[in-house]
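The structure under discussion appears below in the form of structure tokens.
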Amino acid sequence: MPDSITHKIIKEHLVKGEWKKRTEIGIKIDQTLTQDATGTMAYLQLEALGIDRVRTELSVSYVDHNTLQNGFENADDHRYLQSVASCYGIWFSRPGNGICHQVHLERFGSPGKTLLGSDSHTPTAGGLGMLGIGAGGLDVAVAMAGAPFYLDMPEVILVKLEGKLSPWVGAKDLILELLRRLSVKGGVGKVIEYSGSGVKDLSVPERATITNMGAELGATSSLFPSDEVTLEFLREQGRENAWEPLEADKGAVYDQEITIELNKLEPLVAAPHSPDAVKTIEQAGSVSVDQVAFGSCTNGSYDDLWLLSEVMKDKVVHPGVSLVVAPGSRQVLLSLARDGILEKLVSSGARILEPACGPCIGMGQAPPSGGVSVRTFNRNFPGRSGTKDAGVYLAGPAVAAAAAITGRLSDPRKLGEYPRLPETRTLIVDDRMLIAPDIDRRCDKIIRGPNIKPIPGNSLLPETIKAKVLLVVGDNITTDHIMPGGSKVLPLRSNIEALSEFVFESIDHEFASKAREIGEGVIVAGDNYGQGSSREHAALAPMFLGIKAVIAKSFARIHSANLVNFGIIPLLFCETADYNNLSEKDCLIIENVREQLRSKEILIKNDTKGQKFRVKHTLSKRQVDIINEGGLLNYTRKNKLEKN
């Protein structure tokens, strides 16, 4: 049978399970990546597994999130991460070297390989024809120890790109159009695969913009073929030996097909406060803009920033706008400086930030109160920018550049002739900020600061759960809602006791104190609970506060897996009406829960209202065993590490 690219890679890496839809499979992981906001906990978990070296082909530890050092915590974490990398045979990307997804694309990504990362935007690597999957840090730690990564066999959506993008319309507009069509939950349990005549005109950075924001669809991954464009990118990086051709077989069968005519696309924005609130510039209106933020792992390439410099050439940013620029990598920053592009940006009034995540995760450069920020980033959830009442619009480089000049949301097609990227250029390849592992070295000493605390444990699942409903929330609750980011909270990622004080802070600032008082709790939610980042802390901190189960209409993939990893049961309503019947402080009782988990339906008694209702789960036998053991760490220790 002819295979898609997705099926080819999975078949090559399949080590557990059957080739059957909606069944659990285990795949071999070739490469892993972590970043510092999730990496510290991931490596604490790796230490707890008791191995002496990582067992992947390649693992990389990046520092790109917590680079704002306004206290000792982040610097201590960086030192810990470097010492762990040295001990375990892991590459270390130093602070200032760039954002993990951009650097991995440049220096390590390889067509046909599998990549597991403790960051939801790991599918960026799909721009190279690599199967990149985001996961919680514990899943990544177990993969680094050599065990398979488990997931449900995904469905595959084919997106056929026909024609060619018009001037001033870019890759960001393409993925926003797909979000407009499918929504933030339209890709859950699916891989998005791209083909068609329009693919050949998209550069690898443009493809990476598209695969990066596949995470906003909830997709497991996104993939482009590996072709001559891919080879040229790798040749520019001095890594042409990593290239191999990879495309779908003629006649490959897909679960769904979508066609996008590129020449019919126009400049788009995602309006506050969701990546799928997509509008044309005309529909959005001439909104006054206070800030333009340029860069991130979505649009931080040389080509993106070159376009901004061309628009800003001989001009000064609008007096009502603050323009900030964060290149995606040190390679991009060095090349911009050499080519005089950085000078153009600074001359125009742009404020240059280090190559890091920065404002994308609320780490500095928050907009003013009630302000409007246009960002070339991937998420615009409420409060993520660092300002709770700010309105964030997601846009491509052209729309963002137009806003910087005009001070308003405006159509970039009115700026005049579209600038053309020079046909010949080179990027500076300088790996001196990457520390390679010493294959002969054994662990000397791991350095731990006072904020790095032991991993909190969880006990075996009891026979009966008796817990109160602590919170009832609606649809599309993000991991930012559950466990916020920003410069105040992110430095506490390696201290779960301190971090737990901020669980659900934006929804109920008394949640943590109520959870501690009650002891055992349940969360009730609507559709797509846990969308957004891969942060396992959104499951780990609630576990620390005594949360035993989450009952929702549906879950985002990564968060559902993270709940299982920390012994919290993800349950699904059988009837929507039961969601409406539950209230805060209702006491729920699940008797014989270990026995009930063996079937797909579970009976719950609402002791407060004298009612009973049924819920279901989609857990595999392995996941049920993990929950019974109190989480993946306990399960892995008990069963020893599986081999790929």
Does VAL199 count as among the hydrophobic types (A, V, I, L, M, F, W, C) and in contact (Cβ under 8 Å) with a residue 40 or more places away in the chain? no
Going through GLY26, GLY39, GLY17 one at a time, which residue ends up being under 20 Å from the mean Cα position of the chain (by Cα) and touching a residue at least 60 places away in the same chain (Cβ under 8 Å)? GLY39
Kindly indicate the residue of the range 448-480 that is within 27 Å of the chain's Cα centre (by Cα) and surrounded by fewer than 15 Cβ atoms within 10 Å (Cβ to Cβ) and also farthest from LYS548 (Cα to Cα) among those meeting that condition. PRO454
Of the criteria (1) under 17 Å from PRO462 (Cβ atoms); (2) acidic (Asp, Glu); (3) surrounded by 14 or more Cβ atoms within 10 Å (Cβ to Cβ), which one GLU595 fails: (3)
Can ILE523 be described as at pLDDT below 95 and more than 29 Å from ASN70 (Cα to Cα)? no
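In contact with a strand residue (DSSP E or B) (Cβ under 6 Å, 6 or more places away or on another chain), in contact (Cβ under 8 Å) with a residue 24 or more places away in the chain, among the aliphatic types (A, V, I, L, M) and farther than 24 Å from VAL429 by Cα: which single residue out of LEU217, LEU223 fits that description?
Values: LEU217 fails: in contact with a strand residue (DSSP E or B) (Cβ under 6 Å, 6 or more places away or on another chain).
Exactly one of LEU217, LEU223 is in contact with a strand residue (DSSP E or B) (Cβ under 6 Å, 6 or more places away or on another chain), in contact (Cβ under 8 Å) with a residue 24 or more places away in the chain, among the aliphatic types (A, V, I, L, M) and farther than 24 Å from VAL429 by Cα, namely LEU223.
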Could you tell me how many of the residues in the range 67-81 are more than 19 Å from GLY486 (Cβ to Cβ) and buried (at least 20 other Cβ atoms within 10 Å of the Cβ)? 2
Taking the range 504-540 as the search range and keeping residues that are touching a Leu at 6+ places or on another chain (Cβ under 6 Å) and among the β-branched types (Val, Ile, Thr), which one is farthest from LEU633 (Cα to Cα)? VAL524
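Counting only residues that are part of a loop (DSSP other than H, G, I, E, B) and polar (S, T, N, Q), which one in the range 516-554 is surrounded by the fewest Cβ atoms within 10 Å (Cβ to Cβ)?
Filtering the range 516-554 for residues that are part of a loop (DSSP other than H, G, I, E, B) and polar (S, T, N, Q), the one surrounded by the fewest Cβ atoms within 10 Å (Cβ to Cβ) comes out as SER554.
Results for (1) in the same structural domain as ILE547 (by TED's automatic domain parsing); (2) out of contact with any Leu (no Cβ under 7 Å at 6 or more places or on another chain); (3) in a loop (DSSP other than H, G, I, E, B), shown as yes or no for each residue.
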| site | (1), (2), (3) |
| --- | --- |
| ALA404 | no, no, no |
| LEU427 | no, yes, yes |
| LEU460 | no, yes, yes |
| GLY485 | yes, yes, yes |
For the range 422-432: of the residues being surrounded by fewer than 18 Cβ atoms within 10 Å (Cβ to Cβ) and touching a Ser or Thr at 6+ places or on another chain (Cβ under 9 Å), which is nearest to GLN102 (Cα to Cα)? ILE428
Only one of (1) under 16 Å from GLY137 (Cα atoms); (2) over 18 Å from the mean Cα position of the chain (by Cα) does not apply to GLN82, and that is (1)
For residues in the range 1-40 being part of a loop (DSSP other than H, G, I, E, B) and among the polar types (S, T, N, Q), which is surrounded by the fewest Cβ atoms within 10 Å (Cβ to Cβ)? THR23
So which residues in the range 619-641 are in contact with a Leu (Cβ under 7 Å, 6 or more places away or on another chain) and not hydrophobic (A, V, I, L, M, F, W, C)? ASN628, GLU629, GLY630, THR636
Test set (1) under 26 Å from ARG622 (Cβ atoms); (2) at pLDDT 95 or above; (3) of a type in the set (Phe, Trp, Tyr) - TYR62 fails condition number: (1)
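Among residues belonging to the range 129-149 that are in contact with a helix residue (DSSP H, G or I) (Cβ under 7 Å, 6 or more places away or on another chain) and within 23 Å of GLU193 (Cα to Cα), point out the one that is surrounded by the most Cβ atoms within 10 Å (Cβ to Cβ).
GLY132
For every residue, the table says whether it meets (1) farther than 18 Å from LEU223 by Cβ; (2) in contact with a Phe, Trp or Tyr (Cβ under 8 Å, 6 or more places away or on another chain); (3) in the same structural domain as LEU307 (by TED's automatic domain parsing).
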{"site": "ALA141", "(1), (2), (3)": "yes, yes, no"}
{"site": "ALA145", "(1), (2), (3)": "yes, no, no"}
{"site": "PHE149", "(1), (2), (3)": "no, no, no"}
{"site": "MET153", "(1), (2), (3)": "no, yes, no"}
{"site": "VAL156", "(1), (2), (3)": "no, yes, no"}
{"site": "VAL159", "(1), (2), (3)": "no, yes, no"}
{"site": "LEU165", "(1), (2), (3)": "yes, no, no"}
{"site": "TRP168", "(1), (2), (3)": "yes, yes, no"}
{"site": "LEU174", "(1), (2), (3)": "no, no, no"}
Under 27 Å from LEU151 (Cα atoms), more than 30 Å from the chain's Cα centre (by Cα), of a type in the set (A, V, I, L, M, F, W, C) and at pLDDT 95 or above, is that true of LEU571? no
Taking the range 348-402 only, how many residues are outside any loop (DSSP other than H, G, I, E, B), within 26 Å of GLU282 (Cα to Cα) and over 19 Å from the mean Cα position of the chain (by Cα)? 10
If we ask which residues in the range 605-629 are in a loop (DSSP other than H, G, I, E, B) and farther than 23 Å from LYS16 by Cα, their number turns out to be 4
Suppose we filter GLY295, GLY320, GLY340, GLY362 for residues that are touching a residue at least 24 places away in the same chain (Cβ under 8 Å) and within 26 Å of ILE428 (Cβ to Cβ); which single one remains? GLY295
Kindly indicate whether ILE439 is over 29 Å from the mean Cα position of the chain (by Cα) and modelled with pLDDT of 95 or more. no
Subset of the range 568-580, residues over 17 Å from MET483 (Cβ atoms) and not in a strand (DSSP E or B), comes to CYS574, GLU575, THR576, ALA577, ASP578, TYR579, ASN580
Would you confirm, using the coordinates I've provided, whether ASP444 is touching a residue at least 40 places away in the same chain (Cβ under 8 Å), of a type outside the set (Lys, Arg) and not in a loop (DSSP other than H, G, I, E, B)? no
Could we say that ALA270 is under 22 Å from ILE192 (Cβ atoms) and of a type in the set (Gly, Ala, Ser) here? yes
Take the residues in the range 150-199 that are small (Gly, Ala, Ser) and closer than 22 Å to SER301 by Cα, then tell me which one is surrounded by the most Cβ atoms within 10 Å (Cβ to Cβ). GLY170
Could you tell me whether GLN102 is among the polar types (S, T, N, Q), in contact with a Gly (Cβ under 6 Å, 6 or more places away or on another chain), modelled with pLDDT of 90 or more and outside any loop (DSSP other than H, G, I, E, B)? yes
Do the conditions hold for SER487, that is, is it out of contact with any Gly (no Cβ under 7 Å at 6 or more places or on another chain) and farther than 20 Å from VAL469 by Cβ? no
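The values are calculated or read from the model by the stated rules, or taken from the named source; none is laboratory data. Quick caveat: nothing in here was measured; it's all calculated off a predicted structure. Please note: Cβ atoms are built from the backbone with ideal geometry, for glycine as well, and neighbour counts cover all protein chains shown.
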